[in-house]
Amino acid sequence: MDQIKIGKFIAEQRKKQALTQAQLAERLNITDRAVSKWETGRAMPDSSIMLLLCEELKITVNDLLHGEVIKMENYNKEMEKQLIEMIKEKEQKDKQLLTLEWVIGVLSVLILLIPIIIAAYLPIEQEWVRMVIVFSGFIPCFAGFFFALKIEQVAGYYKCKHCGHTHVPDFKTVSFSMHMGRTRYIKCPECGKKSWQKKVISKE
Ligand SMILES: [Zn+2]
């Protein structure tokens, strides 16, 4: 925040409203010294008085904080830019998540298979030791699958084949639906039809 610029802006807008420092101070129920301090950039208006000040000067708080009147068209452009940036960031993150899902999936399978292979080929005397080795991979494997499935639910969207609607289903729907890779047989919340829905990164 540029306090000097904001100060000059306050003075400018005050004069535009044909008010003296004393008149403005009176309307805000403060001393004219305080107004003078703002206008010379030595102090910022208190947040408690900002709304009232902006009302008197016929500006927005956003204008005040920028030290200039922000045009409506720029407002929209700025918001749009922000929005596009956010969408891009989400898409990037979702892509990374889906790669991570793949890695977790492979690791989960390995963690399940490796102990089974070891148990099959190692010359182990006691049968229970063999069983413990065989089952040792089950819990980490299920944990891995659970995380992978959670990622698959939240990253990106599923796209309905009938109406093109994109949506994020709940975890239960994702868990209990038939699937081939990431394509799942689920019901569309928009048109209500069931179809094989592909995973997409972009909403539209
Ligand atoms: Zn649909």
note = Of S177, S202, the only residue that is away from the ligand (no atom under 16 Å from the Cβ), outside any helix (DSSP H, G or I) and of a type outside the set (A, V, I, L, M) is S202
inquiry  = Quick test for you: out of F138, F146, F171, pick the one residue that is loosely packed, with under 15 Cβ neighbours inside 10 Å and touching a Lys or Arg at 6+ places or on another chain (Cβ under 8 Å).
reply    = F171
Failed item, numbered, when E68 is tested on (1) acidic (D, E); (2) loosely packed, with under 14 Cβ neighbours inside 10 Å; (3) outside any helix (DSSP H, G or I) = (2)
task = Enumerate the pairs (first residue in the stretch 17-32 and among the basic types (K, R); second residue anywhere and surrounded by 13 or more Cβ atoms within 10 Å (Cβ to Cβ)) with beta-carbon separation below 9 Å, excluding pairs fewer than 6 apart on the same chain, so at least 6 apart or on different chains.
result = R27/L19; R27/L52; R27/E56
query = Between a first residue in the stretch 159-187 that is within 21 Å of K90 (Cα to Cα) and a second residue that is exposed (fewer than 15 other Cβ atoms within 10 Å of the Cβ) and of a type in the set (G, A, S), which pairs have beta carbons less than 9 Å apart while being 6 or more apart in sequence or on different chains?
reply = T166/S202
task = For G192, work out the one condition from (1) surrounded by 15 or more Cβ atoms within 10 Å (Cβ to Cβ); (2) within 12 Å of the ligand (Cβ to nearest atom); (3) without any contact (Cβ under 8 Å) to a residue 12 or more places away in the chain it doesn't fulfil.
result = (1)
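Coordinate-derived values only; no laboratory data. Only a predicted model underlies this, so the values are computations on that prediction, with no experimental measurement involved. Backbone-built Cβ (ideal geometry, glycine too); neighbour counts: all protein chains shown.
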